[in-house]
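Every number here is computed from the coordinates shown, using simple stated rules; none is lab data. Everything numeric in this text was worked out from a predicted model, so none of it was measured. We place every Cβ from the backbone using ideal geometry, glycine too, and count neighbours over all the protein chains shown.
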Amino acid sequence: MRDNLLDHVMNHSSDMICTIDAEGRFIQVSEACSRMLGYRRAELEGQPAEAFIRHGHHPWAHVASRLTKEEGSVPSLEKCYVKRSGEEEPILLSVVWSGEDGFFFCIARDAMPQKTAAGEIPVKGELNRLMGEHGADIVALLDEGGNCLEINGTALKKQGYQAGQLIGASALQFIHPEDVARVSEALEQVKQSREPASVHEFRTRTADGEWRWMEATLSNQLSNPLVQAIFVSLLDITHRKQAQLQLAESGQRFRSLFDSNPDMVLYQNEAGTILDANPAFLAFMARRREEVVGHPLSAFLPPESVPLFRQKLQDAFSGMDVSFEAAVAFGGQGQKVLSVVKVPLKVGESILGVHAVIKDITEAARAHRTVEEQARKLNTIFESITDGFLTLDRNWCITYTNPEFDKILLVDSKDFLGRSIWDLYPEEVHGGFYREYHRALETGESVHFQAYLERLGKWLEVKAFPSEDGLSVYFNDITPQVQQRQEMEKLSLVASKTVNSVVIMGPGVRIEWANESFTRLTGYTLVEAKGKTPFDLLFGEETDRSTAQRIKEKMESGKAYKGEVLIYRKSGEKRWFEVEVTPVYDEAGELAKHICMQTDITEKVKARKELEKLSLVASKTTNSVIITDAQGLTEWVNEGFTRVTGYTLAEMAGRKPGEILQGPETDPVTVERVRRLLRSGKPFTDEILNYKKSGEKFWVLKEITPVFDEAGVITRFIAVQNDVTERKKKEEELRKLSLVASKTSNSVIIMDAQRRVEWVNEGFTAMTGYSLAEVAGKMPGEVLTGHGSDQAELRRISEKLAEGVPFNSNLISYRKSGEPFWLAMDVSPVYESGGNITNFIAIQKDITSRKEAEENLVKLSQALYRQNKDLEQFTYIVSHNLRAPVANIIGLADLMARINKDSELYNESFLYLRESGHRLDTVLRDLNTVLSIRDSKGNLERQKVNVRLKVRQALASLQDRLEGCGGTVTVDIDEGLFVWVSQAYLYSIFYNLLSNAIKYRSRERTLQVQVKCLGDSEQGVTISLSDNGSGFDMERAKDRVFKLYQRFHPEIEGTGIGLYLVKAHLEAMGGGIEVTSRVGEGTDFIIYLPKT
């Protein structure tokens, strides 16, 4: 019960209740401590009470000693406690010592009410006011001598002082010696002037001897009865001062770096303006500072580089770190390669500017390009090495291989890179490759050896060169050479017995031994040949230099060679030898000897060269080639022969060509002449008719040449045959044509390749009136064409002649008398055997009567077409427009006969009857107009009419209507433009078109009409009439625009006959009309009027 009551009091009492042990430590504290002192219970319990009492007040130990001795209580003891905020709070304590429990029981309450009664509150309030005015970390009251009367503040503990330590001490003793004079001066100034004074940036000493930067405001409150002291407020600015010093130091370091940086450094704003530039940039640009700062960087760059630098600046201002390289062409310095780094200067989230560091890397870039080029060349060299190549690092890992590596070792080396060669070829560990590679690395000397690669069964020749990085290894496959050497060792046993020449050569390719066959073939004995090279001994002026050089290179490189070469015997006689050279290696893999076997192939080479010449001619020619022996039996035919005749070599071999190729129509006289010429042994040319395998006849031109041996005896015949069938056919056709041409009634012209007349027949003279003498050497067109000839057709004729193809043509030509006539001609080119045109033959026929009949037929067809159209129009009028008023009249007449004449219905019917009569009259007048136009065709009275005048006359008739609507008409036609037409029809055309433009104008805009001449030629005139009226739908109107009684604006009154009359009038005069229209935009008419 007691414990519960105590807990309730401790939790809810407005006074702070606490228990303190004999050592002066809080045992238990009530919740009121947080309100009164700002501390939580847990922060006080266990702590010494002395730590929270203001220095200078009676310490707790003194109180405790008095109470324990007296075994009593202290009913009212004042203590000044320091709150958590650093403020001092006066507290009244009631303390009781409990000897039984061994602790003090204390009740603490706020002493402020008693102090208010004692008059102390105004002084504290005045101090609080002064602290509030000056916003201080520390406040102090000084007497006139500068001694501390009172001091307080949150920063006091940071200085390491308790307030009591400073009371009575001179304030100046805590000031840095360098700053004492300024503080003393301010203190004196305040005492004299009574005005507040400030002391900026001076240093005070902390309890541990450090110095802190302060600012002070001094206020003279000596005359203030509540204070009676000099009030000092102190603000600790150490952090700010240190930041300033660091900033100044940083600025100095940055400026030093900025100015002394060997690279160019700029500072730019977002507009690209240079705000600062270092000396390196000024020197590079050869400019003074005032010429650069305040100007955009673009002012110093060529135009083509500006977009790149501007974009990179924008990237930097977007917050990116930018780095790039640019090739910039400066006028005085040439092209420079610049490396540019742009770094944004950020403060918070804002970017104030951008620093640009620019480095001239022209030389480095050039060097880099050189290195890349050298690397590329080196790689190309490695790629082009014919030996296999690889590099090994000192850990035996493969770092590079060339393509030959893969070819020789039959691998894909991409998987080998970075792997140990001994992991890839474990069977070679401790073998020949392993020993030699290790010896090279250990001794630092290159090695050259031959070794057998077990995995592939290949002999490799290897050269390995050590370096600091590892080994560079070259190798090639010498398996054939080793095998040859082994074979040569066997063959050398029989060399002395062979019929061929055998020579063994030692170092320097000098002859060491030769067999007896060498002496027999060359004439040189062993004694004469020994010590000499075959090149010095056997080669002469006509020996092919490239072959000799190739043999030398092969022998020097230790490679085998086999080939043919021309040599000279001791007697000087030239002979052809087939030479086979084999290198022989010793056990160390070194080239020791060469064995050369020589065979005399002189006769074979001669025969082959002759055959090569013949084969070259025969295989390349498109003609037929036959080779026979001296008796005329076929030995060989080429593909051309088979292609022409159909017979293969197998079918011809051993047989005489004439027996197979000649037939019934082959001329016996020609056959006998060919035989006689063959017996003469002389080359000759002849033509003969032969037969193909298919039975088809063909003509050939034979060129037969005999072939003689060294004794002058014929050994064979070579016949080259050219198929001349087409030429023979043309010659025959030309012969027949010449016979016909001289007798035909048609005109025949023979022209040369330049199209000039060589010959004309009598029919030409009869048709044109020109004799051969008058046209010879001239082009037919020069004498036969005139103004009425179709120019397009003449151009086509010229093109066909140039193409050299047969063609036909119909053309108006002119006789010698000037009379025009229609000429039909067929022209054919004549070719020679080489495919070139030699002549043109033109056969001409007078087709004037046929053309006139065709023209009359066309006119008759056109007349029938017009009659049919008129009949259709007439039928339309009768069926649509005439029937309605007639039916109305009949119906009304019947009605009026049955009704009272005095009735209202009778009067209405009479009015309808009269209206129907008027409609009937209108239709009859329209019909009369249509029939009059039809009847006028062919006999229309035409005369020369001024077009502009007729337009003006039509406008004059419409002037009132035009002014009434406010419209304008622009006429762009020359005064001197005339056409050959009917005056009345031309007036009607312009009147109807202009009237329609006014009638169907747009209500949304002022009418504008333009009449303009678009074209004026010999044939006629083209006039356009355009308006900006309401227009109509061309898609809906289609082909009904110019039909009778067609109307496209039903809301506007009209007859639907105007456009019909315009088209009818134009067609009656040989003209025409076209129209385009767009709804809401206007209508364009194109009128074609004849001039003749």
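Charge dipole of the range 480-600 (Cα centre as origin; +1 on each Lys and Arg Cβ, -1 on each Asp and Glu Cβ, all else neutral): 140 debye, rounded to the nearest 20. Using only side-chain charges placed at the Cβ, +1 for Lys and Arg and -1 for Asp and Glu, the dipole size of the range 389-477 relative to its Cα centre rounds to 80 debye.
Equivalent ellipsoid of the range 353-467: semi-axes from √(5λ) of the C-alpha gyration tensor, largest first, are 38, 16, 15 Å.
Each of ILE749, GLN791, LEU823 was scored by the projection of its Cα onto the charge dipole of the range 730-846, and the greatest displacement toward the positive side belongs to LEU823; charges sit on the C-beta of Lys, Arg, Asp and Glu.
Distance between the 7 Å Cα→Cβ label points at ARG1078 and LEU352: 6.3 nm.
Along the axis of the charge dipole computed for the range 150-251 (Cβ charges of +1 for Lys and Arg, -1 for Asp and Glu, origin at the Cα centre), the listed residues ASN224, ALA169, LEU234 are led at the positive end by ASN224. Length gained on full extension, GLU270 to GLU603, computed as 0.36 nm times the residue gap minus the Cα-Cα distance: 110.5 nm. Computed packing ranks the peptides 388-398, 893-903 as 388-398, 893-903, most packed first, by mean other Cβ atoms within 10 Å.
For a Förster distance of 30 Å, can you work out the FRET efficiency between the beta-carbons of GLN246 and GLN162, rounded to the nearest 0.05?
Working from the Cβ atoms, E equals 0.40.
Mind checking Rg over Rh on the range 762-843, alpha carbons, Kirkwood formula for Rh? My calculation of the ratio gives 0.98. Taking the Cα centre of the range 700-845 as origin and assigning +1 to Lys and Arg Cβ atoms and -1 to Asp and Glu Cβ atoms, the resulting dipole is close to 380 debye.
Using the Kirkwood formula over every pair of different C-alpha atoms, what hydrodynamic radius in Å results for the range 480-600?
Working: mean 1/r = 0.0697 Å⁻¹.
When all Cα pairs of the range 480-600 are included, the Kirkwood radius is 14.3 Å.
Could you list, in their original order, any pairs among LYS463/LYS552; LYS532/LYS562; LYS851/LYS944; LYS463/LYS532 whose Cα atoms are separated by more than 26 Å? Before the final figure, lay out the partial values.
Numbers: LYS463/LYS552 23 Å; LYS532/LYS562 21 Å; LYS851/LYS944 31 Å; LYS463/LYS532 31 Å.
Over 26 Å Cα-Cα: LYS851/LYS944; LYS463/LYS532.
Applied to the range 219-227, the Karplus parametrisation 6.51 cos²θ - 1.76 cosθ + 1.60 on θ = phi - 60° returns per-residue 3J(HN,Hα) values of 10, 7, 10, 5, 8, 7, x, 7, 10 Hz, with x for Gly and Pro. Specify which residue in the list ILE361, PRO307, GLN335 is farthest towards the positive end of the charge dipole of the range 261-366, using unit charges on the beta carbon of Lys, Arg (+1) and Asp, Glu (-1), about the Cα centre. After comparing all options, I get GLN335.
Pairwise alpha-carbon distances in the range 526-569 exceed 14 Å for 52% of all pairs.
So how do 38-45, 842-849 stack up, highest first, on mean other-Cβ count within 10 Å? All intermediate terms of the calculation are to be shown ahead of the outcome.
Numbers: 38-45: 15.2, 842-849: 18.2.
Result, highest mean Cβ count within 10 Å first: 842-849, 38-45.
Taking one quarter of the surface of the convex hull spanned by the alpha-carbon atoms of the range 261-366 gives a direction-averaged projected area of 6.5 nm². Return the FRET efficiency for the residue pair MET1034, LYS1091: r is the Cβ-Cβ distance, R0 is 25 Å, and the value is rounded to the nearest 0.05. Here the calculated transfer efficiency is 0.25. Fewest-first ordering of PHE535, PHE405 by other beta carbons within 10 Å of each residue's beta carbon gives PHE535, PHE405.
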